[in-house]
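Heads up, the thing below is written out as structure tokens.
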Amino acid sequence: MKHNIGIIMNGVTGRMGTNQHLIRSIIAIREQGGVQLANGDVIMPDPILVGRNEEKLKTLADKYNIERWSTDLEACLANPNDIIYFDAQTTVRRAEAIKQAIAAGKHIYCEKPTATSLEGSLELAKLAKEAGVKNGVVQDKLFLPGLLKLKRLIDSGFFGKILSVRMEFGYWVFEGDWQDAQRPSWNYRKEDGGGMVVDMFAHWRYVLDNLFGNVTAVSAYATTHIPKRIDEGGKEYECTADDAAYATFELEGGIVAQVNSSWAVRVNRDDLLTIQVDGTEGSAVAGLRDCKSQHRVNTPKPVWNPDIENPFNFLEQWEEVPANQEFENAFKIQWEQFLKHVVVDEEFPWDLLEGAKGTQLSDLGLKSSEERRWIDVPELSI
């Protein structure tokens, strides 16, 4: 049996919406023949592309053989055959559209942050619960090959007692003058929902919570290193949002996580994101795709002596964690899981309440930076 599932995809003309959610997820699922269920049934997504720019929508639909597109969200929400609403719009537009979709009885799947404030995110979670609609939030980094390998090490007990986590994220985003910027200008305007803390602390929350332990406290410093940039039209603008954040998180069990995030840093590490985990029995460093480890018995014994040449090549003393499986696109994996959740009620723990936890950490991170102090992270409920 084939389950044709209509999906309203709002905001897919943006970079992330087009590349990760449409092309590498929904179109890839359709091209593989749908999502196979254990009983032999198949889930086939049937998307309708929604947005504000008719020309962009038509071009995208024609290029990828998508039959349906529309600039009328209300009309789409009125179609009973489209049972899932997906939102990849900018953050400032997301919450209101999700409210409309919940009121129309649609199941919700969306990017994060789910709203511009904790109150807004909790309201969405509460509305969805009261309406009885299934809901999920994109938490893609959990499904990256490097983090899946790291999770394998954690589950095996490789680390012993985990002591600390060090995360380095970021790269140099060009200012837009002599080279075009790799990120849209709204990312650097607070009034448009931009900012490093708002963008990335939602990611760090679910990564830390799911891999190491719930975040219980935060101390952060957010800053704007580059005060002016050039927008897509070639005009200079003031950067009102933070472009870097330096944070320390306390996790359950006493684990300390230090996380540096910056769009004003040049990369001198293996990947754009690296996560080092140190434990009593071993350590590991994961990137987006790779992971390397060093067990206790293979740990070298350096001695501090700056008067001689360093006798160690530390980078060669780590062993690659093998793949041992085929890794698919992280966004596609979670899309398939959410589709199974909707059709056959398979488990999907990353709901709107989990998304609200990301907004909570962003809010508290900014508050910590403004007040220059540690702040506890309370449990959330609706």
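The values are calculated or read from the model by the stated rules, or taken from the named source; none is laboratory data. Worth saying up front: this structure is predicted, and the values here are computed from it rather than measured. Counting neighbours? That spans all protein chains shown, and the Cβs are built from the backbone with ideal geometry, glycine included.
Within segment 282-300, if we keep just the residues that are free of Cβ contacts under 8 Å to residues at least 40 places away in the same chain and assigned to a loop (DSSP other than H, G, I, E, B), the residue that is nearest to residue 330 (Cα to Cα) turns out to be 299.
So which residues in segment 278-300 are of a type in the set (S, T, N, Q) and surrounded by fewer than 18 Cβ atoms within 10 Å (Cβ to Cβ), if there are any at all? 280, 294, 298, 299, listed by residue number. Any chance you could count how many residues in segment 235-245 are over 17 Å from residue 193 (Cα atoms) and in contact (Cβ under 8 Å) with a residue 40 or more places away in the chain? Counting residues in segment 235-245 that are over 17 Å from residue 193 (Cα atoms) and in contact (Cβ under 8 Å) with a residue 40 or more places away in the chain gives 0. The criterion of at least 2 residues that are buried (at least 18 other Cβ atoms within 10 Å of the Cβ), in contact (Cβ under 8 Å) with a residue 12 or more places away in the chain and under 23 Å from the mean Cα position of the chain (by Cα) is met, among strands (runs of 3 or more DSSP E) falling completely within segment 32-111, by 42-50, 82-87, 107-110. Taking residue 191, is it loosely packed, with under 15 Cβ neighbours inside 10 Å and assigned to a helix (DSSP H, G or I)? So residue 191 passes the test. Pairs linking a residue in segment 197-220 that is closer than 12 Å to residue 261 by Cα to a residue that is crowded, with 22+ Cβ neighbours inside 10 Å and of a type in the set (Asp, Glu), with Cβ atoms under 8 Å and 6 or more positions apart or on different chains, are 197/242. Filtering segment 209-246 to residues that are small (Gly, Ala, Ser) and under 20 Å from residue 379 (Cβ atoms) leaves 213, 217, 219, 220.
Looking across segment 167-187, just one residue is over 18 Å from the mean Cα position of the chain (by Cα) and crowded, with 20+ Cβ neighbours inside 10 Å, and that is 176. Looking only at segment 117-136, decide whether some residue is of a type in the set (Val, Ile, Thr) and assigned by TED's automatic domain parsing to the domain that holds residue 10. Checked against the condition, which is being of a type in the set (Val, Ile, Thr) and assigned by TED's automatic domain parsing to the domain that holds residue 10, segment 117-136 yields at least one hit.
Taken over segment 1-31, the criterion of being loosely packed, with under 15 Cβ neighbours inside 10 Å and within 23 Å of the chain's Cα centre (by Cα) is satisfied by 15, 19. Looking across segment 347-376, the residues that are in contact (Cβ under 8 Å) with a residue 12 or more places away in the chain, touching a helix residue (DSSP H, G or I) at 6+ places or on another chain (Cβ under 8 Å) and not in a helix (DSSP H, G or I) come down to 348, 350, 351, 374, 375. Condition (residue is surrounded by 24 or more Cβ atoms within 10 Å (Cβ to Cβ), under 22 Å from the mean Cα position of the chain (by Cα) and not in a helix (DSSP H, G or I)) applied to segment 121-134: is it met by at least one residue? No: segment 121-134 contains no residue that is surrounded by 24 or more Cβ atoms within 10 Å (Cβ to Cβ), under 22 Å from the mean Cα position of the chain (by Cα) and not in a helix (DSSP H, G or I). In the set (1) without any contact (Cβ under 8 Å) to a residue 40 or more places away in the chain; (2) more than 24 Å from the chain's Cα centre (by Cα); (3) over 22 Å from residue 162 (Cα atoms), the condition left unmet by residue 225 is number (2).
Put simply, of 343, 303 the only residue that is loosely packed, with under 11 Cβ neighbours inside 10 Å and either assigned to a loop (DSSP other than H, G, I, E, B) or at pLDDT 95 or above (or both) is 303.
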